[in-house]
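Each reported figure results from applying straightforward, stated rules to the coordinates on display, with no laboratory input. Just so it is clear, the structure is predicted and the values come from calculations on it, not from any experiment. Neighbour counts run over all protein chains shown; Cβ positions are idealised from the backbone, glycine included.
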Amino acid sequence: MSLDAGGMIPATMRRNHWMNQVLGHAIMKPAETAFKYLGETTNWSQAAQRMDAFAAALQRRGVKFGDRVLLLTLNRPEAIEAVFAINRLGAIAVPINIRLSPPEIAYIVDDADADVLIVDEPLVPLIGTLAQFTDRPQRIVVIGPAGTGQEAFADLAAEDTAGFQAPDVPEDSTCLIMYTSGTTGKPKGAMLNHINMYSQAVTCIRANDVFDESDISFLTAPLFHIAGLGSIAANFIIGIPTVIHPLGAFNPSELLDAWERENATIVFNVPQQWQAICAEPSVKDRNLKLRIISWGAAPASDSLLRAMADSFPQATNVAVFGQTELSPITCVLKGADSLRKLGSVGKPVPTLQYRIVDAAMNDVAPGEIGEILYRGPNLMSGYWRKPEATAEALEGGWFHSGDLVRQDPEGFVWVVDRKKDMIISGGENIYCAEVENVLFGHPKIIEVAIYGRADERWGEVPVAALALHPGEDISVAELQDWLSDKLARFKQPKDLVILDALPRNAAGKVNKLALRQGDAQSLTA
C-alpha cells in the first residue's frame, strides 16, 4: 500500500465501499471463496484482480467517473464483478430487468444516456431487436463469445492492469441506478450511492445475525432487482461466500438440491417461491443447514408463514420489507416474533427515521392507518433526471413510500395497502391487502388480487381476481358465505374474475393496472 506525498494513506484506500471491501479480503484471505457458481469457485484474490482488470479495460475505452454502464445479464459472478469494476471508476452500474420488452429496455437505455452495455450471451439476440427503438448502446461487451463489432468480457477481464489508476470514489457517489417497475407510468431510475448500500449491508447483518464468517449465503433473487445486490451487500463486508443460483424457470426441487449440496445457511425468496418450496413433497426429508429463511418483495399470507415454520422448524424466519428507493429494506420482522406478530412486516430498522402520517402529514396515533414516510442513510439521492418526480417523492423533507400501514403499541408495523390501491366504497375505506390476506386462506384459491370497479351507487366496489386449484370453481355467493364471519360485508368482493394465472409485471408483482384495464374492457365489450 503506497502513501501519498504527505506520508498519509490516500483517501481512496480508506473509503468504505464494496470495491475496497473486495480488495481487503484479497489481501487478508486471498484463497477463500468469494463466489461459487455451477460448481466453479472464485476466490477473493481472483475477484479483486478481475475487478481491476475490467475497470482498467473500461477506462481505456473511455468510461469515466459518473458515466453510466448498462448490464443486461443473468445471475453469474461476472455480473457482480462488472458492478465492482464500473464502480471502481466512479461510474454507475445500471442493471436492466431481462423480462422487459425491447421498447421498455430501449427506454432505459436512452433515459440512462449510456453507450456501453454488458450483455449475457443468451440475451445477445435482444441487441438486434433494440436497434429498432434506439441507436444506443455504441459498445457491446458480451459475457461469452463476442460477435462482430462486440468484445468478450473474458478478454477485457484478462487485460493488463499496469499503470491503472483508480480515481477516489467518495461514499456519496452514485453506484447504482435501479429502475422501478413503472406500473403507473414510465419507470424511474432510483440513484443509490455507496452509503445507501453500506447501510443496507448493516441492516442485513443485524437482521440475519451474521456474527462471523461461517455462513454460506445463497443468491436466488435476480441481480437486476435491488433484492439481488441488496441481499448480498453484507457478504462483501463480512467476507462470506455467495453461492449464485442460475436464473431460469423456478424449480423448487432443484433449489432444495442446491441448498443441500452447498450447505447454504442464509436464503431469501419471494412468497410465491416459498409457496412452491413448501409444497415440494421432499421438503422435510432434506439434510439442510439453513439458519435463516427470509422473504420479502410481496405480501405473504398467514397460511404460507405457517407452512414455512412447519417445513423448516430448525431455521429462523426473517421477513424484510422495503422498496428500491430505500436500498431496499425499511422494516424487519425477526424470527422470535414471526408467529407472535403473524402478518406484520416487523419494526422499522434503526438506521432510518420514519413517521406514519395522515393526508395532511400529521402523525397518527398507534393503531391508526397512515402513510409511512422515511429519511436517513438508506434513502436514494433522487430519481435520475426526474427532478419533479424527486420533489414529489421527497415533499416536506421525507420520502413518501405510498404504503398505508398501522403500528401497534410495541412498534410493529402492518402493511394495510398501497395508497394507490385503496378502494373507497360508500365512504368506507377498503384495504385490498387485508381482503387478499383473508382470501388466501380459502382452500380453493392459489392466487388472489383485489381491485376496485367503478359503481354508480357506491362509487367503487371490490372485485376479486382469482386463480384456483385445478378442477375447482367458486361463485360470489359461496365466497361471501365463507367470508361472512371473517370480513365486514362492505369489504367482501361483489364480483369475481377467474383467471388461469394473475398478470404480473416484469418485477414479478401482480399488475393491478392490467386487471383494471381488462375489467373495464370486458364490461364495455
*For region 426-521, rounded, prolate or oblate, judged on the Cα gyration tensor with a ≥ b ≥ c (square roots of eigenvalues), a/c < 1.5 rounded, else prolate if a/b > b/c?*
oblate
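Let a ≥ b ≥ c be the square roots of the eigenvalues of the Cα gyration tensor of region 7-80; is it rounded (a/c under 1.5), or, if not, prolate (a/b larger than b/c) or oblate?
On the way: a/c = 2.20, a/b = 1.08, b/c = 2.03.
Taking the square roots of the gyration eigenvalues as a ≥ b ≥ c, region 7-80 is oblate.
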*For the cross-link pairs LYS186/LYS420; LYS347/LYS512; LYS419/LYS512, which exceed 18 Å when the distance is taken from alpha carbon to alpha carbon?*
LYS347/LYS512
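With a/c under 1.5 counting as rounded, go ahead and sort region 322-432 into rounded, prolate or oblate using the C-alpha gyration tensor (a ≥ b ≥ c being the square roots of the eigenvalues; past the cut-off, prolate if a/b is larger than b/c, else oblate).
Working: a/c = 1.86, a/b = 1.17, b/c = 1.59.
Oblate, since a/c reaches 1.5 and b/c is not below a/b.
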*How do 334-340, 10-16, 376-382 rank on mean C-beta neighbours within 10 Å, highest first?*
376-382, 334-340, 10-16
_Among DSSP bridges having both ends in region 167-292, what percentage is antiparallel? Round to the nearest 5._
45 percent
*region 213-228 - phi-based ³J(HN,Hα) in whole Hz, Karplus 6.51/-1.76/1.60, Gly and Pro as x*: 9, 8, 6, 10, 8, 10, 9, 10, 4, x, 5, 7, 9, 5, 4, x
*Sort the following peptides by mean Cβ neighbour count (other Cβ atoms within 10 Å, averaged over residues), highest first: 259-272, 146-159.*
259-272, 146-159
*Which of TYR198, TYR179 has the fewest Cβ neighbours within 10 Å, and the rest in rising order*: TYR198, TYR179
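Kindly put THR330, THR351 in sequence by how many other C-beta atoms sit within 10 Å of each C-beta, fewest to most. Provide the component values of the computation, followed by the final result.
Working: THR330 29, THR351 17.
If I rank by nearby Cβ atoms, fewest first, I get THR351, THR330.
For n ≥ 4 DSSP H runs only, could you compute -39500 (n - 2.57) per run for the chain, divide by its residues and tell me the 222 nm figure to the nearest 500? The partial results should precede the final answer.
Details: 16 runs with 158 residues, N = 525.
One gets -9000 deg cm²/dmol as the mean residue ellipticity at 222 nm.
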*asked:* Could you order the peptides 21-34, 468-481 from most to least packed, using the average number of other C-beta atoms within 10 Å per residue?
replied: 21-34, 468-481
_What distance in nm separates the two pseudo spin-label positions at ASP172 and ARG99, each 7 Å out from Cα along the beta-carbon direction?_
3.6 nm
